[in-house]
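Visitor: Attaching a single structure in structure tokens format; questions to follow.
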């Protein structure tokens, strides 16, 4: 059975794309077949995994509007066991076009349904907003991973996100769950990071991952080279963090790792 995970938080700059790319690569390291879906018009997931977001033929925009065949949109990456359905700035147009479309909230779910069993994991990189694209991701997903940066105002907007999740559960996807809260951009040199992490754990309790993603220069550099952290610097703290996160995800799913 394919597990569909959406990486979501309407705040920007919390590490959604970094998590999507590196969790996918980490799971692939453990032998899982992974499909990334870039659902953000900024297309940073697309470029961050090594594709040219300015010259992609067949992308998520075309699939949502029914303008291309599914397998024409799935692209190989340089990471073994990781494929991607890319995005581009064209996706901005879909936000308007979908508003008047039939079954507008189900478009992504129908795309992913056709892939059942082909991948172990589908990971969706959501845009930094609670728009029709994010709603599509929540309707299509089994579970959500919510990155929260360990900085001031970290929990700002989370109440709104939780309300949206509750609405999606009630109206469109009763099986939607929060798989885990991920603390990102943790600076071990500051008291603030420790305080924020404690507050997040107090608020979300056992839904918070044990893994914490440290603030790491290599993690910031890797996307500019179109590589996940494991290809860019396998010995970095960021690589160790995301390898540990991938293992934690597999363990929560009850999957044995050789």
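Visitor: Which one is nearest to the chain's Cα centre (by Cα) among residues in the range 131-154 that are under 18 Å from residue 19 (Cβ atoms) and assigned to a loop (DSSP other than H, G, I, E, B)?
Guide: Only one residue tops the list, namely 141.
Visitor: Could you count how many residues in the range 198-209 are within 19 Å of the chain's Cα centre (by Cα) and part of a helix (DSSP H, G or I)?
Guide: Within the range 198-209, the first condition is being within 19 Å of the chain's Cα centre (by Cα), and the residues that meet it are 207-209.
Filter once more, keeping what is part of a helix (DSSP H, G or I): 207.
Count: 1.
Visitor: Here is a follow-up. Need the failing condition index for residue 135 against (1) touching a strand residue (DSSP E or B) at 6+ places or on another chain (Cβ under 9 Å); (2) under 26 Å from residue 90 (Cβ atoms); (3) surrounded by 19 or more Cβ atoms within 10 Å (Cβ to Cβ), just the number.
Guide: Only one criterion is unmet by residue 135, namely (1).
Visitor: Going through 199, 221, 194, 256 one at a time, which residue ends up being over 18 Å from residue 19 (Cβ atoms) and touching a helix residue (DSSP H, G or I) at 6+ places or on another chain (Cβ under 9 Å)?
Guide: So the residue among 199, 221, 194, 256 that is over 18 Å from residue 19 (Cβ atoms) and touching a helix residue (DSSP H, G or I) at 6+ places or on another chain (Cβ under 9 Å) is 256.
Visitor: Among 151, 256, which is out of contact with any strand residue (DSSP E or B) (no Cβ under 6 Å at 6 or more places or on another chain), modelled with pLDDT under 95 and closer than 21 Å to residue 27 by Cα?
Guide: 256
Let's see how each residue does on (1) surrounded by 16 or more Cβ atoms within 10 Å (Cβ to Cβ); (2) within 18 Å of residue 154 (Cα to Cα); (3) under 17 Å from the mean Cα position of the chain (by Cα); (4) modelled with pLDDT of 95 or more:
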{"site": "184", "(1), (2), (3), (4)": "yes, yes, yes, yes"}
{"site": "196", "(1), (2), (3), (4)": "yes, yes, no, no"}
{"site": "211", "(1), (2), (3), (4)": "yes, yes, yes, yes"}
{"site": "218", "(1), (2), (3), (4)": "no, no, no, yes"}
{"site": "223", "(1), (2), (3), (4)": "yes, no, yes, yes"}
{"site": "242", "(1), (2), (3), (4)": "yes, no, yes, yes"}
{"site": "246", "(1), (2), (3), (4)": "yes, no, yes, yes"}
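Visitor: Now a separate question. Here are some conditions: (1) part of a helix (DSSP H, G or I); (2) touching a strand residue (DSSP E or B) at 6+ places or on another chain (Cβ under 8 Å); (3) within 21 Å of residue 43 (Cβ to Cβ). Residue 165 meets all but one. Which one does it not meet?
Guide: The one condition residue 165 does not meet is (3).
Visitor: Given the conditions (1) touching a helix residue (DSSP H, G or I) at 6+ places or on another chain (Cβ under 8 Å); (2) part of a helix (DSSP H, G or I), which single one is not true for residue 180?
Guide: (2)
The values are calculated or read from the model by the stated rules, or taken from the named source; none is laboratory data. Please read all numbers here as calculations on a predicted model, not as lab measurements. With ideal geometry, Cβ positions are generated from the backbone for all residues, glycine too; neighbour counts draw on all protein chains shown.
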